[in-house]
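The values are calculated or read from the model by the stated rules, or taken from the named source; none is laboratory data. Here the structure is a predicted model, which is why all the values come from computation and not from measurement. Here the Cβ positions follow ideal geometry from the backbone for every residue, glycine too, while neighbour counts run over all protein chains shown. With ligands, DNA and RNA removed, areas are computed over all heavy atoms of the protein, side chains included. Shrake-Rupley method; radii C 1.70, N 1.55, O 1.52, S 1.80 Å.
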Protein chains: 6
Amino acid sequence: MYELGVVYRNIVRADREAADGLAALGSATVHEAMGRVGLLKPYMRPIYAGAQVSGTAVTVLLQPGDNWMLHVAAEQVRDGDIVVAAVTAECTDGYFGDLLATSFKARGARALVIDAGVRDVKTLAEMGFPVWSRCISSKGTIKATLGSVNVPVVCAGALVTPGDVIVADDDGVVCVPAARAAQVLQAAQAREANEAAKRAKLASGVLGLDMYAMREPLERAGLRYVD
Amino acid sequence: MYELGVVYRNIVRADREAADGLAALGSATVHEAMGRVGLLKPYMRPIYAGAQVSGTAVTVLLQPGDNWMLHVAAEQVRDGDIVVAAVTAECTDGYFGDLLATSFKARGARALVIDAGVRDVKTLAEMGFPVWSRCISSKGTIKATLGSVNVPVVCAGALVTPGDVIVADDDGVVCVPAARAAQVLQAAQAREANEAAKRAKLASGVLGLDMYAMREPLERAGLRYVD
Amino acid sequence: MYELGVVYRNIVRADREAADGLAALGSATVHEAMGRVGLLKPYMRPIYAGAQVSGTAVTVLLQPGDNWMLHVAAEQVRDGDIVVAAVTAECTDGYFGDLLATSFKARGARALVIDAGVRDVKTLAEMGFPVWSRCISSKGTIKATLGSVNVPVVCAGALVTPGDVIVADDDGVVCVPAARAAQVLQAAQAREANEAAKRAKLASGVLGLDMYAMREPLERAGLRYVD
Amino acid sequence: MYELGVVYRNIVRADREAADGLAALGSATVHEAMGRVGLLKPYMRPIYAGAQVSGTAVTVLLQPGDNWMLHVAAEQVRDGDIVVAAVTAECTDGYFGDLLATSFKARGARALVIDAGVRDVKTLAEMGFPVWSRCISSKGTIKATLGSVNVPVVCAGALVTPGDVIVADDDGVVCVPAARAAQVLQAAQAREANEAAKRAKLASGVLGLDMYAMREPLERAGLRYVD
Amino acid sequence: MYELGVVYRNIVRADREAADGLAALGSATVHEAMGRVGLLKPYMRPIYAGAQVSGTAVTVLLQPGDNWMLHVAAEQVRDGDIVVAAVTAECTDGYFGDLLATSFKARGARALVIDAGVRDVKTLAEMGFPVWSRCISSKGTIKATLGSVNVPVVCAGALVTPGDVIVADDDGVVCVPAARAAQVLQAAQAREANEAAKRAKLASGVLGLDMYAMREPLERAGLRYVD
Amino acid sequence: MYELGVVYRNIVRADREAADGLAALGSATVHEAMGRVGLLKPYMRPIYAGAQVSGTAVTVLLQPGDNWMLHVAAEQVRDGDIVVAAVTAECTDGYFGDLLATSFKARGARALVIDAGVRDVKTLAEMGFPVWSRCISSKGTIKATLGSVNVPVVCAGALVTPGDVIVADDDGVVCVPAARAAQVLQAAQAREANEAAKRAKLASGVLGLDMYAMREPLERAGLRYVD
């Protein structure tokens, strides 16, 4: 996070199977499976609804109003990566548009997560290249100051280390440390396994109060019912 | 608002016909018919576009990061209710997802209005269960501290008493006190009655200046035209 | 900006061809072609996705909670105009709905840009009348205090002089001074001319690093690669 | 909250002794003694540091950009009151300055709590008339539209009924329902009674872990220590 | 506002006597005397309390994260000027510290108004060099991209033309167009002339309701008193 | 950051001399000496003006609305530490007051940096225990859910590893990695060494344009002067 002007070419990406498998679980289930940590702030929103992806993080540290390092990052992208971009100060400029998206896509990137602005969002939606960002802005950027590629970054309040797994959908974005990816996948799948049964019960009118056996602890906590 | 750890089981719901009839008028017209009061803050947004509902309020007071009371509330829901949830402090966590929505729907709830976050929004949209919320967040919650059900709450700046009518659409959310529901329905319908005629006039090019006879008061107020 | 209670009837609109032609280029390209200035703040968002328009500005200066001047403005609208509304203080009320939109449309307006709230957004989308606004709110307004029409206004941080060209799309809103419209159109078209070639190259896997000859300046700036 | 254009002259003020006595306890202790409810949102800040007051609420419902009702409220103020002002929409205008403060003070008011802006803050500090507000703004207001005096209002997220006790200091503002004032005073005093002993212990180096006997519950919750 | 890379050396400053005289009136009174316009947004706050200044504007247009133009501006400052700095995008970096303040002061500047961040605030307070800013931030800036000096700028929502009068105090900042300075001074003085008498009346217990003869218009507007 | 329910007792604190020496340089100079990184977001503000401290970080990860771990952290504090507290979700509650401050101070803590709220600020100022926080709030917290002590945390957008050096003053807060503390101290001292000479020059009227030899690069960049 503190190193500027450097590009790490060899990063250790999380297990591919785990990285790919987490998409299906979604950000909420994955975050629960991790023990309720790892989420980026909820101001990070998708530029269009419905995308649900996971992949390995290539990280970028940007300077305010300067997108030079996104071009440098493109070369480091491999199939199955998601680019995660942080800025050294708060900035709402539009760092990324359809040309960079074309390049990222050609290199195998699945998405961009950026704690700043993005533009050409209509074209990005038509291309099917999803972006989670702080905002949308036409404001262009310059190419004058060095940042870094593939150093650990704090993006929207979460630490992202290169190679970590990123899971993003309409609910938000979560980062899974590479070393925990396989275990989190398993835990998330286990979590989801019995959701269908629960859903059926609840749909039939059974109450969570009964299904989760909450009546007794609620009474113990002192809940009073008044008629 | 000040009572914690209590569930009121018998609430006086607004007249059903009025509660159901207000949906068609929409939040803007209803708020005007009430004398321009009763709106929740505009940061409350629908998780998907196009839903337009009304119903009687079952209220919930939640603790920060704790959704226990939503399960307690489910049991109090009847056909035609809308759950209105407030938190004792500002919180953006995702208190509500598809499982709770399945339960609420099975109990007859039409929607949720919550001054906090919600998740599983893609599934909620597919289920057709509308939610108006402060934000969308994957962040999960715990079940440890008591709040209350069916006490008066302040939700997004508006006082909501159990049984009041909630009207929500793409423009926002308004709360109509139960005792005024029938009268407000009438006033809102009267308001809307002559909108079609006005719209036709304006569409033909007639100016509001003339249709509303504004030229004279504008002149009196001192409006100058410069060529 | 400092004049209240006045309506300028004769404004000098930008060259029609330039005003109409800029829509196709979009806000990001136009803003770049102007030297990266003229943008309204990114909190200005379209009420529905996909609209892309340009037109000549009819400006309105409103008082907080008071939409009287929008009715006065309607009379000044001509074919191809876009109404740009500022408020003398920060306000989130819903100043504009489907009736005013019907009137504006009948007069030839293509869109509204307003640094405040708007309502009836579902109907506006059905009508195909696009609005860029600070927020959406059911809150109604009164008609009691004079503002002005066709004076220079600051709207969402940008100076807009009556007759300027407004370009708005999903990325945001930009204002082009009337005197520069033709030149900006040309510059924007030139900018876009070689985008197709660039896009094809990037899609084939060529890197921006090479296409833009960035490797040498990056090295000169001190960028280090670590294996 | 829903009634406009009315002034209630006879309100039931909380017990004077309780209303006066709560100031010494401060907003944090009083809010705890109430069961952790009743606080206004933390964006309400004092215009100068160090004031600590309590008193009985005279409430005002204002229209956006219009301070007419503050003049109406002045007449309803009695010795020991605190004026609590809400606005029907979000507004940052400067509703209140040194002239109104002079009048309020002459009538016996101890402070103003307003969910909007205030001005002349240097003079107010010199006068020793404390205000808790959403912001500071030079923006003036008009006198054109009716609100109400002494109706229940929602101010900064809290319901305030006329006659309730307001406690405000550098930490924030809390509202105590009139009926609970005496009991809350007692509870708050009890709470504070053993604080001196606790403070002395902690100052001597005793840990809260031991003083509050937290080690065992922490262990039960699973806390691990790693050397 | 649209011109980058240019420094205007000869600007027409407002009448010196008016520019100097307006400080004593303060931002609220001056804004009222102008017809309630010209204020910068209320997020502009002084870095220390108690400063009250007026002077003629030297304007600066800055790029995000780049304070190069502040050094260029220093040369254009004359005795009695206030530097007004805007940024082409939203930025919270600390553009200005004690070294630049030393330089500005030596050139005769009375204050800085900047729609961005400032640092070394403790030293600035000790030097008695007042700044009104969007925020305080340690974040440093670079010197790489041209902006402009003495072009019209939009600063915190207000248009400021070089030579205009800036009035700033604890209540906020207002801009008076150079051409209107003398007239506004007169109007502001007239406004203030009878404030002492009013204050004395109000202090004696006379109500604004009577002093401003509001009872009759309130009754006409329909105000009801309930006992 | 991802580990909950654990307390690391043995952390490697930065070199004491460096940790202590950095206070005198201040957050702005230290951040520049690090290459312009390491700052916490500017919304972190001191609860009173004038404090300037540095020390070694003891980190705490808190749950929303729950301050249990602050008590656990107290035991891990040694002379010269600064407690840095992050929350797993956005929260404005008042986690810390005068009792905890008494305990922290008794253990040798110099300050608290917390990305949440704090209360009893008047007493904290009287005690001379400085706090940098997101906000001030009377809202109390519970003690029910485990977080961690001395794990790496993201606090207000910056990664803080236990043992890092924290430097905080009126301008903000910066985190210096333990391993770089001595080198940063040296760089910061070097940076400050020639500030006195520069200040004297600027005070005598020499322009930064000349002192920093900016005229030539500005001309090369294309700056035009217009008379």
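Structure above, values below:
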| item | result |
| --- | --- |
| Counted residues, segment D:69-84 - those being surrounded by 24 or more Cβ atoms within 10 Å (Cβ to Cβ) and either among the polar types (S, T, N, Q) or more than 14 Å from chain E (Cβ to nearest Cβ) (or both) | 3 |
| Residues being within 14 Å of chain E (Cβ to nearest Cβ) and hydrophobic (A, V, I, L, M, F, W, C) - total across segment F:152-177 | 9 |
| Among residues of segment E:178-226, those that are within 11 Å of another protein chain (Cβ to nearest Cβ) and in contact with a strand residue (DSSP E or B) (Cβ under 8 Å, 6 or more places away or on another chain), counted | 5 |
| Breaking point among (1) open to solvent by 10 Å² or more (accessible area, probe 1.4 Å); (2) more than 14 Å from chain E (Cβ to nearest Cβ); (3) closer than 21 Å to C:ARG224 by Cβ, for A:VAL87 | (2) |
| Residue match in segment C:90-108 (condition: within 27 Å of E:LEU61 (Cβ to Cβ), open to solvent by 10 Å² or more (accessible area, probe 1.4 Å) and within 14 Å of chain D (Cβ to nearest Cβ)) | yes |
| Test set (1) within 14 Å of chain E (Cβ to nearest Cβ); (2) open to solvent by 30 Å² or more (accessible area, probe 1.4 Å); (3) without any contact (Cβ under 8 Å) to a residue 60 or more places away in the chain - A:LEU4 fails condition number | (3) |
| Count - residues of segment A:110-141 that are among the aliphatic types (A, V, I, L, M) and in contact with a helix residue (DSSP H, G or I) (Cβ under 8 Å, 6 or more places away or on another chain) | 6 |
| Residues of segment D:11-55 satisfying the condition of being open to solvent by less than 50 Å² (accessible area, probe 1.4 Å), small (Gly, Ala, Ser) and free of Cβ contacts under 8 Å to residues at least 60 places away in the same chain | D:GLY35 |
| Residue in segment E:12-34 that is touching a Cys at 6+ places or on another chain (Cβ under 7 Å) and either more than 7 Å from every other protein chain (Cβ to nearest Cβ) or part of a loop (DSSP other than H, G, I, E, B) (or both) present | no |
| Hits in segment D:116-148 - residues which are open to solvent by less than 10 Å² (accessible area, probe 1.4 Å), of a type in the set (A, V, I, L, M) and more than 9 Å from every other protein chain (Cβ to nearest Cβ) | D:ALA116, D:LEU124, D:VAL131 |
